[in-house]
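I have placed the structure first, in the form of structure tokens, so that the comments after it can refer back to it.
Only the coordinates and a few stated rules stand behind these numbers; no lab work does. All values derive from a computational prediction rather than experimental measurement. Cβ: placed from backbone, ideal geometry, glycine included. Neighbour counts: every protein chain shown.
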Amino acid sequence: MVVGILALQGAFAEHEKVLDSLEEDWFEIRSLQDLNRSMDGIILPGGESTVQGKLLNDFGMKDKLRNIIVEGLPVFGTCAGLILLSERIADEDTVHLGTMPMIVRRNGYGRQLGSFSSKGRFGRIQDVDMEFIRAPYIESVGDGVEILSIVEGRTVAARFDKQIVTAFHPELTDDVRVHQFFLDIINN
Ligand code: GLN
């Protein structure tokens, strides 16, 4: 198995370390050519969704990336990655990839003091360490979206078929179970 990791901006190196620890192969996606490589899944890291969205546009990668996700390539979006996948962003007109039917609120916990740690349930997995950094939350979900985590009344992780998203950063903790969950989706 090999996982492509979008490496235009943000916390991609941390995902690489997690996959190393799970002994899975990965490569960095930095260009349209990289999107043509064969891969079994793709990770969209945290960072700044506006910057990542702009770079995807500038490098002509957006349509191809959207297509491979719509066609069913498993994808795991963390934080900014969640925002990229969202069909709508509250109070904004921008849509990046828009493959997941949900409305997300960027910087949902405030811009400055929006970073905190928590522990919560992710699907059937209990006590997952959750790092939130200027995180979004999911305001509402459409048909077919399964909510996987709720923290303090807010939806912070969800699944839509082979797309999973977390508003928190499992790659910044030692807890590899969310990544393992994603790899299990790839392996079916
Ligand atoms: N606030 C960022 C954004 O809007 C997301 C933060 C993150 O990825 N840690 O894109």
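Taking the Cα centre of the range 67-170 as origin and assigning +1 to Lys and Arg Cβ atoms and -1 to Asp and Glu Cβ atoms, the resulting dipole is close to 260 debye.
Taking θ as phi - 60° and the Karplus parameters 6.51, -1.76 and 1.60, the scalar couplings of the range 81-97 work out to x, 4, 5, 4, 7, 5, 5, 9, 10, 4, 6, 9, 8, 5, 10, 8, 8 Hz in sequence order, x denoting glycine and proline.
Take each peptide in 134-144, 74-84, count the other Cβ atoms within 10 Å of every residue, and average; sorted highest first, the result is 74-84, 134-144.
First select every other residue whose beta carbon is under 13 angstrom from the beta carbon of Val151; then total the charges, Lys and Arg +1, Asp and Glu -1.
Working: positive: Lys119, Arg121, Arg154; negative: Asp127, Asp129, Glu131, Glu152.
It works out to a net charge of -1.
Close amide-amide hydrogen proximity is noted between Val151 and Val156, each under 5 Å apart and 5 or more residues distant or on a separate chain (H modeled in the peptide plane; Pro and chain starts excluded). Ranked from largest, the principal axis spans of the Cα set of the range 71-163 equal 34, 31, 20 Å.
If you count the DSSP beta bridges with both ends in the range 63-188, what percent of them are antiparallel, to the nearest 5? Could the numbers behind the result be given before it?
On the way: 20 of 27 bridges.
Percentage antiparallel, nearest 5: 75.
Determine the shape class of the range 84-137: with a ≥ b ≥ c the square roots of the Cα gyration tensor eigenvalues, call it rounded for a/c under 1.5, and otherwise prolate if a/b is greater than b/c, oblate otherwise. Oblate, because a/c is 1.5 or more while a/b does not exceed b/c. With θ taken as phi - 60° and the Karplus curve 6.51 cos²θ - 1.76 cosθ + 1.60 applied, the whole-hertz 3J(HN,Hα) list for the range 41-55 is x, 9, 10, 10, x, x, x, 10, 4, 5, 5, 4, x, 5, 5 Hz, x standing for glycine and proline. Annotation: amide H-H contacts under 5 Å for Gly46 (H modelled 1.01 Å from N, sequence separation of 5 or more, or interchain): Ala11, Thr78, Ala80, Gly81. Taken as Cα centroids, the range 29-64 and the range 127-188 sit 20 Å apart, rounded to the nearest whole angstrom.
Could you compute the FRET efficiency for Lys54 and Asp184, with r as their C-beta to C-beta distance and R0 at 30 Å, rounded to 0.05? Before the final figure, lay out the partial values.
Working: r = 33 Å, r/R0 = 1.10.
The formula returns an efficiency of 0.35 here.
For the peptides 159-169, 86-96, 47-57, the ranking by mean Cβ contacts within 10 Å, running from highest to lowest, is 159-169, 47-57, 86-96.
Using a cutoff of 8 angstrom between alpha carbon atoms and counting only pairs six or more residues apart, the relative contact order for the range 80-182 works out to 22 percent.
In order along the range 26-39, the Karplus-derived 3J(HN,Hα) couplings, from 6.51 cos²θ - 1.76 cosθ + 1.60 at θ = phi - 60°, round to 8, 8, 8, 9, 10, 8, 4, 4, 4, 6, 7, 5, 6, 8 Hz, and Gly and Pro are given as x. Remark on the chain: Rg and Dmax equal 14.8, 42 Å (Cα only).
The slack between Ser118 and Val70, meaning 0.36 nm per residue of separation minus the straight C-alpha distance, is 14.1 nm. Size check on the range 8-109: the Cα extents along the three principal axes, sorted descending, read 40, 28, 23 Å.
When the listed pairs Lys17/Lys162; Lys64/Lys119; Lys54/Lys119 are checked against a 26 Å cut-off, the alpha-carbon distance exceeds it for Lys64/Lys119; Lys54/Lys119.
If you bin all the Cα-Cα distances of the range 3-56 at 10 Å, starting from zero, the percentages per bin are 26, 55, 19, 0.
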